[in-house]
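Q: Below is one structure. I have some questions about it.
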Amino acid sequence: MALGSSEDVSGVKLLLLLAVMYGLMSALAYSVLHMKFVNPLGNDAPLHQFSEARTVQHVRMLSQEIHGRQEGRPGLKRAAQYIKGQLEAIKERASSNVRIEVEETTVSGSFNMLFLGHNIALGYRNHTNILMRISSVDSKETDPSVLVNGHFDSPLGSPGAGDCGSCVASMLEIARLIVDSGWTPYHPVIFLFNGAEELFMLGSHGFMKTHKWHDTIGAFINVEASGTGGPDLVCQSGPSSWPSDVYAEAAIYPMANSAAEDVFPIIPGDTDYRIFSQDYGNIPGLDIIFLLGGYFYHTSSDTVERLLPGSIQARGENLFSIIKTFTNSSKLRNTFQTNSSEVTASVLNNERAVFFDYFSWFMIFYSRRVAKILHTIPIVFFLVMSFTHGRSHSWSAALCDFIKGFLFHAVGIILAVVVPVAFSLLRLLFTSQTMNWFAHPYLAFTMFIPCALIGLLIPRIIWRCFPLSRDVSIVKTSKEALSDEARFWGAFGFYAVLTVAYLVAGLSGGFVTFLVCASMLPAWMSFCSSVKFFGQRSLRSTMFYILPLVPCLAYSVYFGGFLAQFLIEKMGMMGSLPLPYGHYVPDIIVAALIGVVTGWCTGPLMPICGHWLARSSILQFLLHLTVFALALSSQFFPYTMSAPKRVVFQHTFRTTGSSQIMESTYDFSVTDSNSLLFLFKYSPEVAKELNVTSEFSFESASLSKRNDWMAIFPVSFLFSNSLKFPAKGDDILKQYEFFPQLSVQNPSLNSEKGPRRIQLELSLGSLEEVWVAVLNITGPLSSWSFADNLLPGTETDDGGPQSYICRLSGPSDWNWTFWLETNSSEALRVDLAVLDQKLVDPVKRLKDLFPDWVDVITYSSFMSSYIF
C-alpha cells in the first residue's frame, strides 16, 4: 500500500484505530451473546436460587436417557411420566401455605390453520399434557393466573436437548424454586408441559379448547428454543404493551428487542404464542426463544453437550423474576374479571411498545405514544437546521447542500449493499461451491465488510465533482467546513427519514435509527468545539467526533453482529430454490445483510471520517483484502460436524390394498443451495451405494416431485431438485404385515339424492411409530367431519388441481373414522401418506454411510391413492 502524502498516512492511522475499536466492540458483543458474563450455578447452589446444573440434569434425562420424544415413539410417554413424577415430588415437599395441583390430561380436537403460508386442517387425538397449578391456599378457581408453557415433544430425528428439553427442564427447576424458596404467589401460576408442539401446536390448542383453567389465564410466557442457547430473546409480545413493560421491569438479564417483532413473521416457523395470543385467545404474553446454536436446531446434534453454558442460568433467573412481576401486577385480568368496557380500553391501548436491551446490561422501554413524539424530533430538527443555517438569503442554498449530503449518504448505504452482492456473484462465477462461510461465520465478515466499505466511500470520492450551493465568500466559512456540514446534516437527515418511515409503517424497529440520530448530535457538537482548537482537518478533531458515537456504534455492532450470526446459522435450513438461480441466493442474502450491517455500524462516521478514508491507497487496500478473502474462501469447506448439512432421506412405499407394495424408492432432498450433486460428490460411499457415477446429472436422474413428500407437507415446499432412486421393498414385508389403508364404511347409507356423504375408515396397519398421516383430497369436496365441518383454503401443487390437506396425529393402535361430503356426482380422489419412524436395516446402513458433516433426517412414508 503506497502512501503518497501525510494525509494518506493519517488515513491509515485512522483505519487502524477504527479496526482496533471495532475489534474490541466485536469481542464485547461476542462475550455478551455467548453468555460469558453469566455465572452458571452448580448442583450445590442454595435451594432458594435457580441452578443451571440442576436444570441440565433434567435435560440430560429427557434427551439422553429417554430416547425418542417424538409422537408415535415410546420415549414421549416416558418423558411425560418423568415430568409428572418430578412435579409430584415437588408437590410432596410443599409447605402448607400453597396449594399444588398436578394433572395429566389427554387432548383431542380438530381445527384449520395457515402455516408457512399454506392452508391445512389438523386432526388429533389423545395427546398428553402435564399441568401444575401453584396457588395460595386462599385462592379461588376463578382467580387470574399466569401460564408458563413449554413442550416436551421433539422433532423428527432429534434428541431435542435445546428444542425443547431446555424449556421443560427450566420450568421444572422454576417450579421447584417456587416451592423451596418459600414464595407464595399472589396469583396462581400454571405450568403447561405440552406434548404436541412440533405437530403444529396441537397441545396448546387442546389446552385452550378443553381445559377448565384456560379461562383463568391473565398472562402467559411461552418458552421456546430455535437453537441451543445464546440470547433468550423476546421475539413476540402483546397484544398490548403491558407484557413487554413487565419484562423491562423484571428481567435480570434483559434480552429483548422490539425490532424482532418486525422480523419474526418472515422467518419460517411458528410457536405456541399464536395459539394463546392470536388464534384462540387474546391473552397478553411473551414469546421467549433461544436463538443461537441454530446449526443444531432440529438435528441429531441437538444434544446436551451443545447447550451454551450460562444460557439456561440467565433464562431461569429472568423467568422467575418475570413470573413474580406478572403475578403481583394489578393489570392481571382474566375472562371472569374483564367486562366490555375493559375490553374496549384494551383494544384502544393495543399498541406495540418500543424497547431494546443494551448489551443485556439494562433495557430502554417507551410506549408507542412516546415513540410518535421522539421519532419525529430528528426530522423536525433536520428541517429546522436547514432553514436556520446561514443568513436569510442563503437558507435555500443550505437546504440544497443538505439534500445533496442526504442523497450522497443514501447512495453510499445502497452501494454498501450492492458492492458485496456484486462481489459474491462474481465469486460464484468461478466456483460451483456456495455457502463456504456457513461453518465459518468470520469468513463472511472478512469477505464482505471490506467491499461494503468501498461502497460506502465511493460517493465521498465523487463529492468534489459536485460544487456546493453556498458561496464561501458570502457565508464567510471555509469550503471544508461547509462540506463537512452538508455531509453531516445530510447523513443525519437520512437516518431521520428512516426513523419516520419505521413509524409510519407501524414497525417497532425505529429506535435503531433514532439512536443513531441521538448520538450524532453530541458528536457533531464535540467536533465543532474541537475544530476551534485543532482545526477542520485534524485527526484530533476527528477523534472528538468519534468518541461520543462509541456507545451507539457498540450497540450497532452488538445487534448487527447478532443478526448476521443468526441468519448465517439459519441459512442451512431456509430451503433450496430451483437451479440455476437458487445457487446464488444464500450468498446474495448474506452479502446484502453484512452490507446493511456495515452501513449501519460505520455510516455515522462517514461524514467526518470519510475525508481520511476515501483515499486511493486505502481503497486499493480494501479491494486487495476483498479479493484475497474471496479467493481464500474457496479453500474452506462449507460444513463441519458443528455446522452440518441437512439432508432429508425418505424411504417411500407406494402400496395398494393392505399388504401389497407397488413401488419402493429412496427419496432425497436438501434444505440449502448446495444440491444433491454436491452431496454425492463429497459422499463417495453413498454415491457408490446408489450407483451415482461422475456422469450423473439432474437431467438424467429421476426427480422426486413435491407430492412425493406429502407426509411432511407443508415443509416440502422448502425443497427443490429432489431425487429418487429405486429401492427394494422386501424388508418392509418382514417388518410389517399390514400397511395403512382407507376403506368405505356402510356404503349403503349413502343417499342417491342430495349431498353424497362418504363414510371412511383409516387403518394405520401394523405400523409401530407413526408420526403423522396426511390426507390430500382432490375434487368437489363440500364438507367433512374435521374442524367443525369447515374446510380450509385450497392448495395447488405444481399447477395441478386444487385440493384440501388434512394432517392426523395421535396413537396408531386404533382406526380413524371420518366422512367426506360432496354435492356432485364427480369422484373424490384421496391421496394418503403416513410417516413412520421405524426404519428397515438397509436404510439404516445407507444412512450410516453419510459423512459426519451431514445430518440425515430419515423416515418411511407409506403412500396410497383412492377414488370414491
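The values are calculated or read from the model by the stated rules, or taken from the named source; none is laboratory data. Computed from a predicted structure; not experimentally measured. A quick note on method: Cβ atoms are made from the backbone with ideal geometry, for glycine too, and the neighbour counts reach across all protein chains shown. Remember, those area values only see protein heavy atoms, side chains included, never the ligands or the DNA or RNA. Shrake-Rupley method; radii C 1.70, N 1.55, O 1.52, S 1.80 Å.
Condition check ((1) over 24 Å from D287 (Cα atoms); (2) part of a loop (DSSP other than H, G, I, E, B); (3) at pLDDT below 95) across all residues:
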site	(1), (2), (3)
I90	yes, no, no
I100	yes, no, no
I120	no, no, no
I134	no, no, no
L147	no, no, no
P159	no, yes, no
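Q: Which residues, taken from the stretch 522-543, are over 39 Å from the mean Cα position of the chain (by Cα) and of a type in the set (F, W, Y)?
A: F527, F533, F534
Q: Could you list, in sequence order, the residues of the stretch 164-184 that are open to solvent by less than 10 Å² (accessible area, probe 1.4 Å) and modelled with pLDDT under 95?
A: Matches in the stretch 164-184: C164 only.
Q: So which residues in the stretch 36-56 are open to solvent by less than 70 Å² (accessible area, probe 1.4 Å) and aromatic (F, W, Y), if there are any at all?
A: Across the stretch 36-56, the qualifying residue is only F50.
Q: Given the criterion within 21 Å of E173 (Cβ to Cβ), without any contact (Cβ under 8 Å) to a residue 60 or more places away in the chain and outside any strand (DSSP E or B), identify the matching residue among G85, G75, G23.
A: G85
Q: Additional query: How many residues are part of a loop (DSSP other than H, G, I, E, B) and within 23 Å of E737 (Cβ to Cβ) when one looks only at the stretch 647-682?
A: Number satisfying all stated conditions: 3.
Q: In addition: Quick check on V516: is it at pLDDT 95 or above and either part of a loop (DSSP other than H, G, I, E, B) or crowded, with 20+ Cβ neighbours inside 10 Å (or both)?
A: Spelling it out, V516 is indeed at pLDDT 95 or above and either part of a loop (DSSP other than H, G, I, E, B) or crowded, with 20+ Cβ neighbours inside 10 Å (or both).
Q: Okay, moving on. Counting just the residues of the stretch 218-260 that are more than 26 Å from N328 (Cα to Cα) and of a type in the set (A, V, I, L, M), which one comes out surrounded by the fewest Cβ atoms within 10 Å (Cβ to Cβ)?
A: Step by step, filter the stretch 218-260, then rank; the result is A259.
Q: Here's another thing I want to ask about it. From the list L425, L453, exactly one residue is buried (at least 22 other Cβ atoms within 10 Å of the Cβ), of a type in the set (A, V, I, L, M) and more than 30 Å from K372 (Cβ to Cβ). Which is it?
A: Matching residue, one of L425, L453: L453.
Q: Ok, one more. Taking G310, is it within 25 Å of A564 (Cβ to Cβ), modelled with pLDDT of 95 or more and surrounded by fewer than 22 Cβ atoms within 10 Å (Cβ to Cβ)?
A: In short, yes.
Q: A follow-up question, please. Do any strands (runs of 3 or more DSSP E) lying entirely in the stretch 773-845 carry at least 3 residues that are under 30 Å from P726 (Cβ atoms), and which ones are they?
A: By residue number, 803-809, 829-836.
Q: I'd like to check something: does the stretch 777-785 contain any residue that is aromatic (F, W, Y) and either within 32 Å of the chain's Cα centre (by Cα) or open to solvent by 90 Å² or more (accessible area, probe 1.4 Å) (or both)?
A: no
Q: Right, something else. Being outside any strand (DSSP E or B) and either open to solvent by 40 Å² or more (accessible area, probe 1.4 Å) or closer than 21 Å to L177 by Cα (or both) narrows it down to one residue among S108, S95; which is it?
A: S95
Q: So which of L547, L503 ends up being out of contact with any Phe, Trp or Tyr (no Cβ under 8 Å at 6 or more places or on another chain), in a helix (DSSP H, G or I) and without any contact (Cβ under 8 Å) to a residue 60 or more places away in the chain?
A: L547
Q: Continuing with this model, one more query. Within the stretch 372-385, is there a residue that is modelled with pLDDT under 90 and open to solvent by less than 20 Å² (accessible area, probe 1.4 Å)?
A: Scanning the stretch 372-385, I find no residue that is modelled with pLDDT under 90 and open to solvent by less than 20 Å² (accessible area, probe 1.4 Å), so the answer is no.
Q: Is the stretch 807-821 home to any residue that is at pLDDT below 95, crowded, with 20+ Cβ neighbours inside 10 Å and under 31 Å from the mean Cα position of the chain (by Cα)?
A: The answer is yes, given that some residue of the stretch 807-821 is at pLDDT below 95, crowded, with 20+ Cβ neighbours inside 10 Å and under 31 Å from the mean Cα position of the chain (by Cα).
Q: If you don't mind, another one. With respect to D836, determine if the residue is charged (D, E, K, R), in contact with an Asp or Glu (Cβ under 9 Å, 6 or more places away or on another chain) and either buried (at least 18 other Cβ atoms within 10 Å of the Cβ) or more than 23 Å from V770 (Cβ to Cβ) (or both).
A: So D836 passes the test.
Q: Would you confirm, using the coordinates I've provided, whether R60 is open to solvent by 70 Å² or more (accessible area, probe 1.4 Å), in a helix (DSSP H, G or I) and farther than 30 Å from G610 by Cα?
A: yes
Condition check ((1) among the charged types (D, E, K, R); (2) in contact with a helix residue (DSSP H, G or I) (Cβ under 6 Å, 6 or more places away or on another chain)) across all residues:
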| residue | (1), (2) |
| --- | --- |
| L33 | no, yes |
| F37 | no, no |
| G42 | no, yes |
| H48 | no, no |
| A53 | no, no |
| V56 | no, no |
| E65 | yes, no |
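Q: Then there is this: For the stretch 400-448, how many residues are assigned to a helix (DSSP H, G or I) and among the polar types (S, T, N, Q)?
A: 2
Q: Looking at the stretch 756-775, which of its residues are under 37 Å from the mean Cα position of the chain (by Cα) and either among the basic types (K, R) or farther than 25 Å from R73 by Cα (or both)?
A: Those that are under 37 Å from the mean Cα position of the chain (by Cα) and either among the basic types (K, R) or farther than 25 Å from R73 by Cα (or both): none in the stretch 756-775.
Q: Turning to a different aspect of this structure: Name the residue, out of D272, D215, D279, that is closer than 27 Å to S108 by Cβ and crowded, with 24+ Cβ neighbours inside 10 Å.
A: D272
Q: Are any of the residues in the stretch 600-609 touching a Leu at 6+ places or on another chain (Cβ under 9 Å), closer than 16 Å to P441 by Cβ, surrounded by 17 or more Cβ atoms within 10 Å (Cβ to Cβ) and among the hydroxyl-bearing types (S, T, Y)?
A: Taking every residue of the stretch 600-609 in turn, none turns out to be touching a Leu at 6+ places or on another chain (Cβ under 9 Å), closer than 16 Å to P441 by Cβ, surrounded by 17 or more Cβ atoms within 10 Å (Cβ to Cβ) and among the hydroxyl-bearing types (S, T, Y).
Q: Step by step: first the residues of the stretch 847-868, then only those that are assigned to a strand (DSSP E or B), open to solvent by 30 Å² or more (accessible area, probe 1.4 Å) and not β-branched (V, I, T), then the one that is nearest to P684 (Cα to Cα). Which residue is that?
A: S865
Q: Just name the residue that is nearest to L425 (Cα to Cα) out of those in the stretch 633-654 that are open to solvent by less than 10 Å² (accessible area, probe 1.4 Å) and more than 25 Å from the chain's Cα centre (by Cα).
A: S633
Q: Let me ask something else. State whether one or more residues within the stretch 714-731 are of a type in the set (D, E), farther than 19 Å from T671 by Cβ and assigned to a helix (DSSP H, G or I).
A: Checked the stretch 714-731: at least one residue is of a type in the set (D, E), farther than 19 Å from T671 by Cβ and assigned to a helix (DSSP H, G or I).
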